[in-house]
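First up is the structure itself, then whatever we jot down about it.
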Amino acid sequence: MSNINLFAKTNFRGEGKTFGIKKEDRRLHRYIIGKTGMGKTSLILNILERVEPDKRHLVVSGLISVFRKLYAEYWQHRQEHILRNTILALLDYPGNKTLLGIYRMLSDWRYMKKVIEKINDPIVRSFFKNEFSKYLYQFKGEALAPIQNKLGAFLSTPLIRSIVGQAIKTKNFGK
C-alpha cells in the first residue's frame, strides 16, 4: 500500500473506502469518469497546484506542447522560451497556481515583480533579471503580445476559464 498515493474517500454501498493512484502510474494519462457531482472536475482542476519539484519540467513540457499543437504555424521559439520561464516562475510562487496566473504574470508588471522575487531556480531567476528585464519596451510588446493573444483566446471562453482558472484546495497527491 506504500506505493499508492491515497487521495480520496468514497462511500460505496455504505462502506467508506480510501483509494488512490500507484506512484508509477501518476505519470501516465488518466481517464476520469463518474456521475454528475462526484468530483471529477475538482480532481483535475488546478493542475499546477500539485506539482512536485522534480516533476515541474514534465508539466511545463506538457503545457507548452498543448500550445505548440494549437498554434503550430504561428508558434515561435521566443514565445516558447518566455512561456517556459513564466510557468517555471509561477511554480516557485507560493499560493494558488492556475493557468490564469500565466496570463496575469505577462500582463501585470507588479504581479510579475512579486513572482520574480520568489523564484528559487537560478536559471529562471536569471532569465527574468538578466534577459527579460533588458528587452526593450517595444520588443517586450512584440514578444508578449502573441502569447497573451493565444492565452487570451483560450481563457476568454467562460467554460474553459472556469475549469482552468479556479484554485481549489485538495489533497496533495504527493503525500
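The values are calculated or read from the model by the stated rules, or taken from the named source; none is laboratory data. Keep in mind that what you see is a predicted model, and the values were worked out from it rather than measured. Because the Cβ atoms are built from the backbone with ideal geometry, glycine has one as well, and the counts that use them run over all protein chains shown.
Being within 18 Å of residue 53 (Cβ to Cβ) and out of contact with any Asp or Glu (no Cβ under 8 Å at 6 or more places or on another chain), is that true of even one residue in region 65-85? Talk me through it step by step, then tell me what you get.
Restricting attention to region 65-85, the residues satisfying the condition of being within 18 Å of residue 53 (Cβ to Cβ) are 84-85.
Narrowing the set further to residues that are out of contact with any Asp or Glu (no Cβ under 8 Å at 6 or more places or on another chain) leaves 84-85.
Yes, because at least one residue in region 65-85 is within 18 Å of residue 53 (Cβ to Cβ) and out of contact with any Asp or Glu (no Cβ under 8 Å at 6 or more places or on another chain).
Kindly list the number of the only condition in (1) touching an Asp or Glu at 6+ places or on another chain (Cβ under 6 Å); (2) assigned to a helix (DSSP H, G or I) that fails for residue 120.
Failing condition for residue 120: (2).
What's the number of the condition residue 159 fails, among (1) hydrophobic (A, V, I, L, M, F, W, C); (2) buried (at least 16 other Cβ atoms within 10 Å of the Cβ); (3) not in a loop (DSSP other than H, G, I, E, B)?
Status for residue 159: all satisfied but (2).
Can you name the residue in region 6-19 that is small (Gly, Ala, Ser) and modelled with pLDDT of 70 or more and is also surrounded by the most Cβ atoms within 10 Å (Cβ to Cβ) among such residues? Talk me through it step by step, then tell me what you get.
As a first pass, look at region 6-19 and keep what is small (Gly, Ala, Ser): 8, 14, 16.
Going one step further and asking which of them are modelled with pLDDT of 70 or more, we end up with 14, 16.
Numbers: 14: 5, 16: 8.
In this case the residue turns out to be 16.
Answer yes or no: is there a residue in region 20-31 that is at pLDDT 70 or above, among the hydroxyl-bearing types (Ser, Thr, Tyr) and surrounded by fewer than 14 Cβ atoms within 10 Å (Cβ to Cβ).
No - not one qualifying residue is present in region 20-31.
Of the residues 103, 71, which single one is of a type outside the set (Asp, Glu), buried (at least 17 other Cβ atoms within 10 Å of the Cβ) and at pLDDT 85 or above?
Working: 71 fails: at pLDDT 85 or above.
Among 103, 71, only 103 is of a type outside the set (Asp, Glu), buried (at least 17 other Cβ atoms within 10 Å of the Cβ) and at pLDDT 85 or above.
Is there a residue being crowded, with 16+ Cβ neighbours inside 10 Å, farther than 21 Å from residue 54 by Cα, without any contact (Cβ under 8 Å) to a residue 60 or more places away in the chain and aliphatic (A, V, I, L, M) anywhere in region 110-129? Don't jump to the end; show me each part of the working.
Just the residues of region 110-129 that are crowded, with 16+ Cβ neighbours inside 10 Å, to begin with: 112, 115-116, 119, 124-125, 127-128.
Within this subset, residues satisfying the condition of being farther than 21 Å from residue 54 by Cα are 112, 128.
Narrowing the set further to residues that are without any contact (Cβ under 8 Å) to a residue 60 or more places away in the chain leaves 112, 128.
Adding the requirement that they be aliphatic (A, V, I, L, M) leaves 112.
Checked region 110-129: at least one residue is crowded, with 16+ Cβ neighbours inside 10 Å, farther than 21 Å from residue 54 by Cα, without any contact (Cβ under 8 Å) to a residue 60 or more places away in the chain and aliphatic (A, V, I, L, M).
Could you list all residues from region 88-112 that are touching a helix residue (DSSP H, G or I) at 6+ places or on another chain (Cβ under 9 Å), part of a helix (DSSP H, G or I) and more than 16 Å from residue 143 (Cα to Cα)?
Within region 88-112, 88, 89, 90, 91, 92, 99, 100, 101, 111 meet the criteria.
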